[in-house]
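Peer 1: Questions regarding the structure given below will be posed in turn.
Each reported figure results from applying straightforward, stated rules to the coordinates on display, with no laboratory input. Since the structure is predicted, the reported quantities are computational estimates derived from the model, not experimental observations. Neighbour counts are summed over all protein chains in view; Cβ atoms, including those assigned to glycine, are modelled from backbone coordinates with ideal geometry.
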Amino acid sequence: MLQSIERPSGLPIAFNPLTCTISWPDSIAVGRASTRTLEEMKEFIREPQAKARQDGVYHVYRNLSRHEDAARIRAARVRYDITVIPPGAFAGQRREFLRTAGHYHALKPGTAIAYPEVYEVIAGRAYWLLQRPLTEDLSRLEETYIVEAGPGEKAVMLPRFGHISINASDEPLVIANWISDTFQYDYQPYHRFHGGGYWVLEGDMPDTVEFERNHNYASVPELKKLRPKEAPELGLERSRPLYSLAHNLDRLSFLNNPEEFTSILTLDHCYRTIV
């Protein structure tokens, strides 16, 4: 049942759709593989007592690389990861689609700008919920967006925006990301408010999606829909796997030096609005 995903990922890895896990040959180095369990997720979701078909809500593989690329990637202070989110939902009074816990990124020391991140869809369809809170009150959100993307599309998680990755389809979702390795994620606001500003739920009709405001926040603005744009100046093109930047790591300098890319790291430059 193993399926090669070498072509879309750029790495000689395989995907098992039954277990929603990936495997790799000896030519690939993997720093750490972990599974976020239902127990670990219970305070991050709409209904903490909700059940799921499987205990492993999603799987993360950090620091993947070809062995010959590993030293250069470490020297560039970046990291390539893959996340797999199975299809399904947290089953309670409403069915909330399986997703990641959600996190914010720290400000780069000495600047007023947070570290960004970039994702790619390898297989399936992804939703990302982006939200920007008031600096002085994380319970009050100033902007909220839902980004939808399909295979090959890249989505930049912009500075000061927290984000959640969501699988709202009936197929496994496999996504990759490049990120700076110089900071730690901040999960606490998503834990405190049981998720993001909106919960993404199964609709009453088959194959429909509903967005429900999260009442644990003090204020949540209207949700707007976005699709990613290509950003060739950052090396983000649909026709090229994200991992290919391991051979052009200068293109990833925006991950560690976002203050030098403020004109590019904007909503207008990276996304288009969907009406």
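Peer 1: Which GluC sites (Glu not before Pro) does the stretch 166-235 hold that lie in a coil by DSSP with at most 11 other beta carbons within 10 Å? Can you show the working numbers first?
Peer 2: Numbers: sites: Glu202, Glu210, Glu212, Glu222, Glu230, Glu233; in loops: Glu222, Glu230.
Counting only loop positions with at most 11 other Cβ atoms within 10 Å, the GluC sites (Glu not before Pro) in the stretch 166-235 are Glu222.
Peer 1: Can you tell me which of Gly162, Gly102, Gly235 moves the most in a GNM of the chain? Springs connect C-alpha atoms under 10 Å apart.
Peer 2: Its mean-square fluctuation being the largest, the pick is Gly235.
Peer 1: If you don't mind, another one. Test of the criteria: in the stretch 10-60, which trypsin sites (Lys or Arg not before Pro) are in a DSSP loop and have at most 15 other Cβ atoms within 10 angstrom of their Cβ? If you can, show how the numbers build up before the last one.
Peer 2: Details: sites: Arg32, Arg36, Lys42, Arg46, Lys51, Arg53; in loops: Arg46, Arg53.
Here the sparse-neighbourhood loop sites are Arg53.
Peer 1: Here's something else I'd like to know. Answer with one residue from Thr135, Leu64, His215: the one whose Cα lies farthest towards the positive end of the charge dipole of the chain, charges on Cβ with Lys, Arg +1 and Asp, Glu -1.
Peer 2: Positive-end residue among those listed: Leu64.
Peer 1: By its C-alpha gyration tensor, with a ≥ b ≥ c as the square roots of the eigenvalues, how is the stretch 1-84 shaped: rounded for a/c under 1.5, else prolate for a/b larger than b/c, else oblate?
Peer 2: In terms of gyration-tensor shape, oblate.
Peer 1: Okay, moving on. Given the DSSP H assignment, sum -39500 (n - 2.57) over each helix run of at least 4 residues in the chain and divide by its residue total; what's the result at 222 nm in deg cm²/dmol, nearest 500? Write out the running numbers ahead of the final one.
Peer 2: Details: 6 runs with 30 residues, N = 275.
Rounded to the nearest 500, the figure is -2000 deg cm²/dmol.
Peer 1: I would also like to ask the following. Measure off 7 Å from each Cα along the Cα-to-Cβ vector at Thr37 and Arg74, then give the distance between these two points in nanometres to one decimal.
Peer 2: In this crude label model, Thr37 to Arg74 measures out at 3.1 nm.
Peer 1: Just to compare against my own numbers: the Cα pair-distance distribution for the chain, 5 Å bins, whole % per bin, please.
Peer 2: Whole-percent P(r) values from 0 Å outward: 1, 6, 13, 18, 20, 18, 14, 8, 3, 1, 0.
Peer 1: Continuing with the same structure: With all distinct Cα pairs included, what does the Kirkwood hydrodynamic radius of the stretch 196-257 come out to in Å, to one decimal, could you say?
Peer 2: Answer for the stretch 196-257: a Kirkwood hydrodynamic radius of 15.3 Å.
Peer 1: Further question on the same structure: I want to verify a result. In a Gaussian network model of the chain, Cα cutoff 10 Å, which of these has the top mean-square fluctuation: Phe193, Phe161, Phe261?
Peer 2: Phe261
Peer 1: A further question on this structure: Tell me which GluC sites (Glu not before Pro) from the stretch 107-191 have a DSSP coil assignment and no more than 16 other beta carbons within 10 Å of their own. Working shown, then result.
Peer 2: Values: sites: Glu117, Glu120, Glu136, Glu142, Glu143, Glu148, Glu153; in loops: Glu136, Glu153.
Sparse-neighbourhood loop GluC sites (Glu not before Pro): Glu136.
Peer 1: How big is the dipole moment of the stretch 14-123 about its Cα centre under a simple scheme where the beta carbon of each Lys and Arg is +1, that of each Asp and Glu is -1, and everything else is neutral? Debye, nearest 20, please. All intermediate terms of the calculation are to be shown ahead of the outcome.
Peer 2: On the way: 16 positive and 12 negative charges, 37 e Å.
So the dipole magnitude of the stretch 14-123 works out to roughly 180 debye.
Peer 1: Cα to Cα, under 17 Å, and not fewer than 8 places away if on the same chain: which lysines meet these conditions relative to Lys42?
Peer 2: Lys51
Peer 1: Just to be sure I understand: with springs between alpha-carbon atoms less than 10 Å apart, which residue in Thr208, Thr182, Thr21 has the highest mean-square fluctuation in the Gaussian network model of the chain?
Peer 2: Between Thr208, Thr182, Thr21, it is Thr208 that shows the largest mean-square fluctuation.
Peer 1: Indicate the gyration tensor shape class of the stretch 88-143 (rounded, prolate or oblate), computed on the Cα atoms with a ≥ b ≥ c the square roots of the eigenvalues: a/c under 1.5 is rounded; otherwise a/b larger than b/c is prolate and the rest oblate. Show your work: numbers first, answer last.
Peer 2: Values: a/c = 3.15, a/b = 1.53, b/c = 2.06.
Note, shape of the stretch 88-143 comes out oblate.
Peer 1: Which of the three applies to the stretch 1-159, rounded, prolate or oblate, going by the alpha-carbon gyration tensor with a ≥ b ≥ c and a/c under 1.5 meaning rounded? Intermediate results must be reported in sequence, preceding the final value.
Peer 2: Numbers: a/c = 1.90, a/b = 1.13, b/c = 1.68.
Here the stretch 1-159 falls in the oblate category.
Peer 1: Nearest 20 debye, what's the magnitude of the dipole of the chain about its Cα centre given +1 on Lys and Arg Cβ and -1 on Asp and Glu Cβ? Please list the in-between numbers first.
Peer 2: On the way: 32 positive and 36 negative charges, 44 e Å.
For the chain, the charge dipole is close to 220 debye.
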